[in-house]
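*Asks:* Can you read through this structure? Questions will come right after.
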Amino acid sequence: MKILAIETSCDDTCAAVLENDYLLSNVISSQTDLHAKWGGVVPDIAKRAHMEKIEPVINTALKRAHLTIKEIEVIAVTLGPGLAIALGIGVNKAKELAIKYNKKLIGVNHVEGHILVNLIKNKLGKPERKIEFPALAMTVSGGHTKLVLVEKIGKYTVVGETLDDAAGEALDKASKIMGLGYPGGPIIERLAEKGDKKYLVLPRPLSGQKNFDYSFSGLKTSFYYQVKDWPKEKIGKNLANLSATFQDAVFDSLLIKFKKAIEFYKPKTLLASGGVLANLELRKRLRKLAKEFNTPVFMPTKKEFNTDNAAMIGIVAYYKSLRKEFVKDKESLDRNPRLNFKIN
Ligand code: KG4
Ligand code: ZN
């Protein structure tokens, strides 16, 4: 099964080609630099960049896979959740190609992509990961923070999620408060290496509650009020300490709930993914936690699998194609910016 996958839910224009669950090519045209000076994703800029890049990105993905569109059997595309006008570009392009070349079409939930990204294999079939179910997946990005129980591929229950900001979004906002750039996660990671994580006292919101939900907006607000009256020089001198404190509060919050959910659901495998998983400190702490429970943890093997990409949309499409979940009426397929991810 040869699959062309397209992802345009936020600020990256992505296309990938897979042969079953083997990845043949994965192309990402990042818009980070275009949005950086605005401190976040600007919808109109994203739309224009997606429109400009979608065709060259698809063509490059096909070329790198040594295939033509004629040899592709399935076209997969992210339906949501995400930015409406960005999603629309990918969905329209996928529909256009599927109708013109008479291909099967599959709509994919972006969050399922982040969860299944750990199942992608390279051309040589590596890595061979034995994923036993139930698995518990933590996906942490700039748009979502969710704990999902995977009973089997295609059967998911969201057992916890953020009630307000996503963890990556919190890092981005903290970076802005400190007068630093966007995206904040990698900047804070670098600064935090040399900082004192006990420099401020920050809350671990909802950590005492029995559920597995998160809240990061209170954490950001607490941080804001503690530093808002500081002179610029004081913030400048303490960037490492502030970064270390904030990052630690975010990761503690994530792991406190993950640990509780592991104790409750007793999963046989742990999965973690999303943009924030690019963070080496978080990866280290996750490995330590997994060891405590003697449970394997799988995280993306490549940096480009952490952040948004189309390979993860392609792997979801592969499993959907095994279940014959093709779009019946291609013409009527539509983006869904608020696509839910509750129980499938
Ligand atoms: O998955 P992603 O590319 O896009 C969304 O679907 O949101 O995630 C982007 C998020 C941003 O909030 C960014 O600050 C965060 O991932 N991020 C990181 C790191 N690299 C990216 N957070 C912490 N440490 C990093 N190294
Ligand atoms: Zn994402």
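*Asks:* Assign unit charges at the C-beta atoms only (+1 for Lys and Arg, -1 for Asp and Glu), then state the dipole size of the stretch 135-300 relative to its Cα centre in Debye, rounded to the nearest 20.
*Replies:* For the stretch 135-300, the charge dipole is close to 440 debye.
*Asks:* Please report the carbon-and-sulfur percent of the accessible area for the chain; probe 1.4 Å, protein heavy atoms only, DNA, RNA and ligands left out.
*Replies:* 52
*Asks:* Let me ask something additional. Using only Cα atoms, find the angle between the long axis of helix 239-265 and the longest principal axis of the chain, and express it within 0 to 90 degrees, rounded to the nearest 10.
*Replies:* Taking the Cα atoms of the chain, the angle to 239-265 is about 60 degrees.
*Asks:* In vacuo Debye scattering of the stretch 22-142, one point per C-alpha: log10 I(q)/I(0) at q = 0.09, 0.15, 0.17, 0.21 Å⁻¹?
*Replies:* For the stretch 22-142, the Cα-only Debye profile gives -0.31, -0.87, -1.10, -1.41.
*Asks:* Here's another thing I want to ask about it. Test of understanding: in a Gaussian network model of the chain with alpha carbons linked when under 10 Å, which of Leu83, Leu322, Leu242 would top the mean-square fluctuation ranking?
*Replies:* Leu322
*Asks:* If I fit a long axis through the Cα atoms of helix 43-64 and take the longest principal axis of the Cα atoms of the chain, what angle between them do I get, 0 to 90°, rounded to 10?
*Replies:* Roughly 50 degrees between the two axes.
*Asks:* Let me ask something else. Pop the C-beta distance of Ala36 and Glu325 into the FRET formula with R0 = 45 Å and round what comes out to the nearest 0.05.
*Replies:* Efficiency computed from Cβ-Cβ geometry: 0.75.
*Asks:* If you don't mind, another one. Subtracting the Cα-Cα distance from 0.36 nm times the residue separation, let me have the gained length for Asp334 to Ser222 in nm, one decimal.
*Replies:* Gain on extension, Asp334 to Ser222, equals 36.3 nm.
*Asks:* What does DSSP give for the chain in terms of the percent of beta bridges that are antiparallel, rounded to the nearest 5?
*Replies:* 60
*Asks:* Separate question: For Asp229 and Ala84 in the same chain, what is the full-extension length gain: residue separation times 0.36 nm, less their Cα-Cα distance, in nm?
*Replies:* Going from the current span to full extension adds 48.5 nm.
*Asks:* Which Rg and Dmax, in Å, describe the Cα atoms of the chain?
*Replies:* 20.1, 62
*Asks:* Taking loop as defined by DSSP and a crowding limit of 15 other beta carbons within 10 Å, which trypsin sites (Lys or Arg not before Pro) in the stretch 238-344 fit?
*Replies:* Lys268, Lys302, Arg323, Lys324, Lys328, Arg338, Lys342
*Asks:* Okay, moving on. So how do 306-317, 217-228 stack up, highest first, on mean other-Cβ count within 10 Å?
*Replies:* Final packing ranking: 306-317, 217-228.
*Asks:* For the chain, which span is the longest to avoid every loop-located (per DSSP) member of GluC sites (Glu not before Pro) having at most 11 other Cβ atoms inside 10 Å?
*Replies:* 133-344
*Asks:* Between Met1 and Glu193, what length in nm is gained on full extension when 0.36 nm per residue of separation is reduced by their alpha carbon distance?
*Replies:* 64.7 nm is the gain from fully extending Met1 to Glu193.
*Asks:* What angle do you read, to the nearest 10 degrees and between 0 and 90, between the alpha-carbon axis of helix 167-177 and the longest principal axis of the chain?
*Replies:* Long axis of 167-177 versus the principal axis of the chain: about 50 degrees.
*Asks:* What is the Cα centroid distance between the stretch 190-244 and the stretch 275-338, reported in whole angstrom?
*Replies:* 28
*Asks:* Okay, next question. What is the distance in Å between the Cα centroid of the stretch 106-154 and that of the stretch 4-76?
*Replies:* So the separation of the two Cα centres works out to 20 Å.
*Asks:* Taking R0 as 45 Å, what FRET efficiency do you get between Glu292 and Arg64 from their Cβ-Cβ distance, rounded to the nearest 0.05?
*Replies:* Once rounded, the FRET efficiency stands at 0.65.
*Asks:* Another question, if that's okay. What lysines could a cross-link reach from Lys104, if we take a straight Cα to Cα line under 22 Å and drop same-chain neighbours fewer than 8 places away?
*Replies:* Lys104 reaches Lys2, Lys63, Lys70, Lys93, Lys95, Lys320, Lys324, Lys328, Lys330.
*Asks:* Another question, if that's okay. Heavy-atom accessible area per residue, the chain, 1.4 Å probe: how many Å²?
*Replies:* 46
*Asks:* Here is a further query. So for the stretch 135-300, what percent of the C-alpha to C-alpha distances run longer than 26 Å?
*Replies:* Of all Cα-Cα pairs in the stretch 135-300, 25 percent lie more than 26 Å apart.
*Asks:* Using θ = phi - 60° and the Karplus form 6.51 cos²θ - 1.76 cosθ + 1.60, what ³J(HN,Hα) does each residue of the stretch 122-134 get, whole Hz, x for Gly and Pro?
*Replies:* Listing the rounded values in order: 7, 4, 9, x, 10, x, 8, 10, 9, 9, 9, 10, x Hz.
The values are calculated or read from the model by the stated rules, or taken from the named source; none is laboratory data. Note that the coordinates shown come from a computational prediction; the quantities given were computed from them, not determined experimentally. Here Cβ is always computed from backbone atoms with ideal geometry, including for glycine, and neighbour counts include all displayed protein chains. For the accessible areas, the whole protein counts, side chains as well, though only heavy atoms, and no ligand, DNA or RNA atoms are used. Shrake-Rupley method; radii C 1.70, N 1.55, O 1.52, S 1.80 Å.
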